[in-house]
1. In segment 35-51, is there at least one residue being open to solvent by less than 40 Å² (accessible area, probe 1.4 Å) and among the acidic types (Asp, Glu)?
2. Those residues that are of a type in the set (A, V, I, L, M) and either closer than 21 Å to TRP97 by Cβ or not in a helix (DSSP H, G or I) (or both), I need them from segment 13-63; list them, please.
3. Specify which of the listed residues (PHE118, PHE110) is in a strand (DSSP E or B) and open to solvent by less than 70 Å² (accessible area, probe 1.4 Å).
4. Of the numbered conditions (1) surrounded by 10 or more Cβ atoms within 10 Å (Cβ to Cβ); (2) part of a helix (DSSP H, G or I); (3) free of Cβ contacts under 8 Å to residues at least 12 places away in the same chain, GLU79 satisfies every one except a single condition; which is it?
Amino acid sequence: MEALKRDREVRSKTWENLISAYEQKTGILDKYMENINKEFEELQTNKANLAEKHGDTKVDEDDVIQINVGGKGITARRETLIYKKGTMIEALFSGRWDKEIQRDGLDRIFLDVNPECFQRIINYLSMLKHSSEED
């Protein structure tokens, strides 16, 4: 009987230690998460400030964008161009840099790249956008 009592006390103490360690670890994780959220909010604020300084904050995904790609005029919807988030193309056409982008004499965005390759990228983005809408 005495052995059962000691065993119960050992299990109880072990359980208390585990709970304490768990609470300590979750406290640490909560602080990490709080810091991550705070830094994310700061990044979002910086992003918005940069967009206001260098771009157009009143852009719409339905905007039709005229682009001079290596001398060839290409037209595409902003929604297609920004479809893949985190890409250079998304950043370029998001509106955040509209005031900084080089333009031609007709006020079209000018890109000094191969027009055939760029058209293929737009076609690919369009295909991705439409295929995900059907899923």
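1. Within segment 35-51, none of the residues are open to solvent by less than 40 Å² (accessible area, probe 1.4 Å) and among the acidic types (Asp, Glu).
2. Those that are of a type in the set (A, V, I, L, M) and either closer than 21 Å to TRP97 by Cβ or not in a helix (DSSP H, G or I) (or both): LEU43, ALA48, LEU50, ALA51, VAL59.
3. On inspection, the qualifying residue turns out to be PHE110.
4. Condition (3) is where GLU79 drops out.
The values are calculated or read from the model by the stated rules, or taken from the named source; none is laboratory data. A quick note: this is a predicted structure, and the numbers were derived from the prediction, not measured. Cβ coordinates were reconstructed from backbone atoms using ideal geometry, including for glycine residues, and neighbour counts include every protein chain displayed. Only protein heavy atoms, including side chains, enter the accessible area calculation; ligands, DNA and RNA are left aside. Shrake-Rupley method; radii C 1.70, N 1.55, O 1.52, S 1.80 Å.
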